[in-house]
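Below is one structure; the comments refer to it alone.
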Amino acid sequence: MFIEMIKSEFKQLQGPFKLALVLIAIMTGSIFLIVHFIFLILGVESTGAIILWYLLYGIVDMFLQFLYPVLTFGLYVFGGYIFYRNMYSTNTVSANKLILSKFIPMVIFQIVVRVALLLSTERILGGFDALRYGYGYGISFGDIVSYSEFAFFDIYNHCTTIGIFGFEIFMAKLVGIFAATLLLWLCVSIEKLFKKSCGVFGIILFFGICLLLSAEQFTETIIMRVIRSYPKELLDNRLTEIHCHVRTIASIIKNVVLVIIYYILSYIIVKIGLKKRNKEQSNLS
């Protein structure tokens, strides 16, 4: 029963998932081909061509860095709509099964689309580097880290050049997406309980809480106390690495705690919602 519920959710996300991937592929191919066509005609050796290369590279880079948070915003709005529309669409009395059957497909959808955009960015900017230098990897580890969204504000830019903490940063971003998606579910479930404004209130509540979490200073205070507790000789020689390590671990712990809180609150609200639905169905029968 639980597996069938998850499969049903994946089927509903199949169309939007394919559309997102197709649009990213079209954007990648279009920019890649247009840029290569321009420099196939002009070449890349003249002063004018080099200036044009830098100009186009800067424009495309700014566009892609703008696109990531916009896409993130759109994914959460879309996720809120799906959650609101299908929250109690499955016939189950288990709050745990209901929450997990909606959460698991949505978080996978969120992650895969982000990865697709990062790969697209790597190929587009890598194509620029290949034209100019004969090789190119598009984006560095630091560039990937610098892509940010609502759940990742507490990592900052101290980690943008530190590759040795790649696994920690990856886990921090992954747990951040888990926390943000579960918060989205919680906000929409609150709205659904009171049947307000067709999903709009839940989305507004979600972004409002994200802004409050990004503005809180309690985590920053703890982080700075931990950093100052390191021996002075380590701070003098490895300050950037320490910042990266401490902030990433703090982000993981913070979001794990938030996931637990969001899940408990979601369980309580969904339990109330299921009882309310079952009562309405019994009255109708």
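The values are calculated or read from the model by the stated rules, or taken from the named source; none is laboratory data. Just so you know, these numbers come straight off a predicted model, no measurement behind them. Quick reminder, even Gly has a Cβ in these numbers, built from the backbone with ideal geometry, and neighbours come from all protein chains shown. Only protein heavy atoms, including side chains, enter the accessible area calculation; ligands, DNA and RNA are left aside. Shrake-Rupley method; radii C 1.70, N 1.55, O 1.52, S 1.80 Å.
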(message) Restricting to segment 36-62, name every residue that is closer than 14 Å to Thr121 by Cβ and surrounded by 13 or more Cβ atoms within 10 Å (Cβ to Cβ).
(response) Tyr57, Val60, Asp61
(request) Determine, yes or no, whether Phe178 is under 16 Å from Ile260 (Cβ atoms) and touching a residue at least 12 places away in the same chain (Cβ under 8 Å). (result) yes
(message) Looking at segment 209-256 only, could you name the residues that are of a type in the set (Gly, Ala, Ser), open to solvent by less than 70 Å² (accessible area, probe 1.4 Å) and either outside any helix (DSSP H, G or I) or in contact (Cβ under 8 Å) with a residue 60 or more places away in the chain (or both)?
(response) Ser214, Ala250, Ser251
(request) Please go through segment 54-111 and pick out each residue that is among the β-branched types (Val, Ile, Thr) and assigned to a loop (DSSP other than H, G, I, E, B). (result) Thr90, Thr92, Val93
(message) modelled with pLDDT of 85 or more, open to solvent by 60 Å² or more (accessible area, probe 1.4 Å) and over 21 Å from Val112 (Cβ atoms): which single residue out of Ile204, Ile164 fits that description?
(response) Ile204
(request) Check segment 262-273 and report whether any residue there is open to solvent by 50 Å² or more (accessible area, probe 1.4 Å), at pLDDT below 90 and touching a helix residue (DSSP H, G or I) at 6+ places or on another chain (Cβ under 6 Å). (result) yes
(request) Consider Asn91 carefully, then state whether it is free of Cβ contacts under 8 Å to residues at least 40 places away in the same chain, over 16 Å from Leu23 (Cβ atoms) and not acidic (Asp, Glu). (result) yes
(request) May I ask you to list the residues in segment 28-77 that are β-branched (Val, Ile, Thr) and more than 30 Å from Leu205 (Cα to Cα)? (result) Thr28, Ile31, Ile34, Val35, Ile38, Ile41, Val44, Thr47, Ile50, Ile51, Ile59, Val60
(request) Answer yes or no as to whether Val256 is within 19 Å of the chain's Cα centre (by Cα) and over 21 Å from Arg85 (Cβ atoms). (result) yes
